[in-house]
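Below is one structure; the comments refer to it alone.
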Amino acid sequence: MIVGAGLVGQYLCEKFSSEGQEVILIDRDKEKLQRLERELNILVVHGSGASARVLAEAGISKTDLFIAVTDSDEVNLVACFMSRQYDVTTRIARVKSEDLLMPGSALNEDALGIDLIISPDWAMAEEIIKLIHVSEAFDTAEFAEGQVMLLGYTVHEDHPFIGLSLFELGRKHGTQQYVMTAIIRDGETIIPRGEDVIQAGDKIYLMVLRRDMARVEQLFHFASRLPSRVFIIGGGDIGYMVARQLEELHIDIKIVEVDEERCEFLSENLAHSIVLNMDGLEAHDLLEEGIDRADLVIAVTDSATTNILASLLTKYHGTKRCITKITRHDFIPMLDKLGIDVALSPRQVAADMILRYVRRADIISVATILDTDAEVMEVTVPDRKRFDNVPLKDLGCPRGSVVGAIVRDREVFIPSGDSIIRPGDNLVIFFTKDAARDVEKFFNPDA
């Protein structure tokens with residue numbers, strides 16, 4: 001049961017219903033509900049998620065997973081609180097208030113009886129910081145308590161590996177230091193095999209150990225490094241949280257914010273950042289402040305239009321890289337063609353957090369892959385005979401999936417086909433949407 005038909009709620013409805021889950025969506029917007037009922041295989045209920053009557057009529061007593069993701073903290077919290085009267089297995093609420101998110105807060109998950117409190121803004125800020133540390137990548141995810149990294153890179157036209165097959169790359173690199181888990185080409189996700197050839201414009205996903213990241217980047221002629229000069233366009237919650245963390249890295253930061261009162265808050269609460277009270281689309285003023293010499297521009301205003309135009313403007317004037325917050329997930333392919341380096345969608349980040357709670361207990365972590373039909377999952381190998389001391393090449397994983405890393409007794413390694421699988425191992429698996437049910441059934445034969 002999902003309360004709230006905003007961007008996050010719609011995405012989750014689409015995700016769960018496509019996996020065969022029975023989904024009930026509650027919202028006060030009747031027209032939106034009617035449209036979503038036509039487009040998706042879901043049940044809809046018109047009304048407030050903070051109404052006990054509406055929840056009862058919607059079938060709260062039969063609900064396993066309850067997610068409240070409206071724009072109102074109060075509605076989300078009241079809805080979750082009322083769901084406590086029923087035998088709901090998992091409750092998730094989206095909130096914006098910092099009081100509910102700060103470590104040690106009296107109003108935490110335990111006190112409120114909620115399994116997970118999520119904030120897309122906080123999650124977005126964390127994602128941006130990760131991408132800043134891996135500046136050549138456009139996407140990143142962590143597994144095995146941060147020991148394994150999944151990194152997405154774009155293969156530009158001058159890349160020396162264009163025309164080489166994965167088999168030739170393996171021969172060139174020798175020892176196994178990475179697994180290429182996917183190639184995204186013209187919007188299609190390819191689980192690569194030895195004969196697949198790298199082409200210009202491909203987006204490749206590499207599974208690497210964190211400790212080997214620099215070495216693998218060197219092999220692939222990528223060179224991530226921390227930026228020296230950063231412009232943040234938009235001094236809202238995301239911009240403020242990012243600036244606060246970047247200050248600890250001793251990076252020169254300038255924040256562009258049009259609201260004078262917000263500028264005063266930023267000036268009072270940031271130690272070293274320079275706050276500029278101006279419009280993020282004023283090219284002349286931005287150039288005077290040196291945005292053309294910036295290593296990175298982060299556009300995170302509340303307006304997707306402003307973020308996109310500001311990113312295009314700064315790239316035109318010479319900014320090396322930009323990270324852009326968008327609200328329309330379907331814009332991502334277009335923005336890539338326009339030269340915007342990284343486009344982040346709050347609903348995608350929120351979905352990553354929620355998906356960890358909808359999988360079975362032996363699935364440790366899940367991440368969705370931006371602008372693809374793929375996911376990555378960390379799963380524990382069950383104690384069954386067919387998984388006992390079996391070489392990976394003989395395991396028979398479902399078509400459309402690939403094992404990128406193995407965790408055993410807190411030790412992590414990148415596997416080859418001869419690597420032995422044992423019960424209790426954790427496998428980090430990359431798979432397409434079409435293979436999702438097969439992968440889950442493979443590791444959960446009783447499901």
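If DNA, RNA and ligands are ignored and the probe is 1.4 Å, what is the ranking of LEU55, LEU164 by accessible area, most exposed first?
Details: LEU55 5, LEU164 45 Å².
Putting LEU55, LEU164 in descending order of accessible area: LEU164, LEU55.
Which value, in debye to the nearest 20, gives the size of the charge dipole of the chain about its Cα centre, when Lys and Arg are +1 and Asp and Glu are -1 at the Cβ? Show your work: numbers first, answer last.
Values: 48 positive and 74 negative charges, 287 e Å.
Dipole about the Cα centre, nearest 20: 1380 debye.
Hey, if you put +1 on the Cβ of every Lys and Arg and -1 on every Asp and Glu Cβ in the chain, which of SER17, TYR240, GLN85 ends up farthest toward the positive end of that dipole?
SER17
In whole percent, how big is the carbon plus sulfur part of the accessible area of the chain, probe 1.4 Å, protein atoms only?
It is 46 percent, rounded to a whole number.
List the lysines whose alpha-carbon lies under 25 Å from that of LYS62, not counting same-chain residues fewer than 8 positions away?
In chain and number order, the partners are LYS15, LYS30, LYS32, LYS441.
Suppose we take every Cα in the stretch 235-335 and form the convex hull; what volume per residue is that in Å³?
For the stretch 235-335, the hull spanned by Cα atoms encloses 97 Å³ per residue.
So between SER416 and GLU142, what do we pick up on full extension, going 0.36 nm a residue minus the alpha carbon distance?
Full-extension gain reported as 96.6 nm.
Test of understanding: what is the full-extension gain from ASP186 to ASP212, defined as 0.36 nm times their sequence separation minus their Cα-Cα distance? Before the final figure, lay out the partial values.
Working: separation 26, 0.36 × 26 = 9.36 nm, distance 2.94 nm.
Full-extension gain reported as 6.4 nm.
On the principal axes of its Cα set, how long, how wide and how thick is the chain? Give whole Å, largest value first.
Reported extents, whole Å, longest axis first: 62, 58, 42.
Give me the accessible area per residue for the stretch 277-322, probe 1.4 Å, as a whole number in Å².
Solvent-accessible surface per residue comes out at 46 Å².
Could you list which residues have their amide H under 5 Å from that of VAL390, counting only those 5 or more apart in sequence or on another chain, with H placed in the peptide plane?
ILE421
What number comes out for the charge environment of GLY59, summing +1 per Lys or Arg and -1 per Asp or Glu over other residues with Cβ under 13 Å away?
Taking every Cβ under 13 Å from that of GLY59, the sum is -2.
So what is log10(I(q)/I(0)) for the stretch 209-278 at q = 0.12, 0.26, 0.27, 0.28 1/Å, when the Debye sum runs over its Cα atoms only?
Values returned for q = 0.12, 0.26, 0.27, 0.28 Å⁻¹ are -0.41, -1.06, -1.12, -1.19.
Send over a whole-number figure in Å² for the accessible area per residue of the stretch 109-200, probe 1.4 Å. Please report the intermediate quantities before stating the final value.
Working: 4000 Å² over 92 residues.
Ligands and nucleic acids excluded, the figure is 43 Å² per residue.
Accessible area, 1.4 Å probe, largest first: how do GLU136, GLU440 sort?
Greatest to least solvent exposure: GLU136, GLU440.
Pop the C-beta distance of LEU43 and ASP87 into the FRET formula with R0 = 22 Å and round what comes out to the nearest 0.05.
0.65
Using θ = phi - 60° and the Karplus form 6.51 cos²θ - 1.76 cosθ + 1.60, what ³J(HN,Hα) does each residue of the stretch 53-70 get, whole Hz, x for Gly and Pro?
Per residue, the Karplus-derived 3J(HN,Hα) values read 5, 5, 4, 5, 5, 6, x, 4, 5, 9, 8, 8, 10, 10, 10, 10, 9, 6 Hz.
Hey, what does the equivalent ellipsoid look like for the stretch 243-284, semi-axes from the Cα gyration tensor as sqrt of 5 times each eigenvalue, largest first, whole Å?
Working: eigenvalues 72, 34, 7 Å².
Those come to 19, 13, 6 Å.
The values are calculated or read from the model by the stated rules, or taken from the named source; none is laboratory data. Predicted, not measured: the structure shown is a model, and the values here were computed from it. Cβ sites come from the backbone with ideal geometry, for glycine too, and all protein chains shown count toward neighbours. Only protein heavy atoms, including side chains, enter the accessible area calculation; ligands, DNA and RNA are left aside. Shrake-Rupley method; radii C 1.70, N 1.55, O 1.52, S 1.80 Å.
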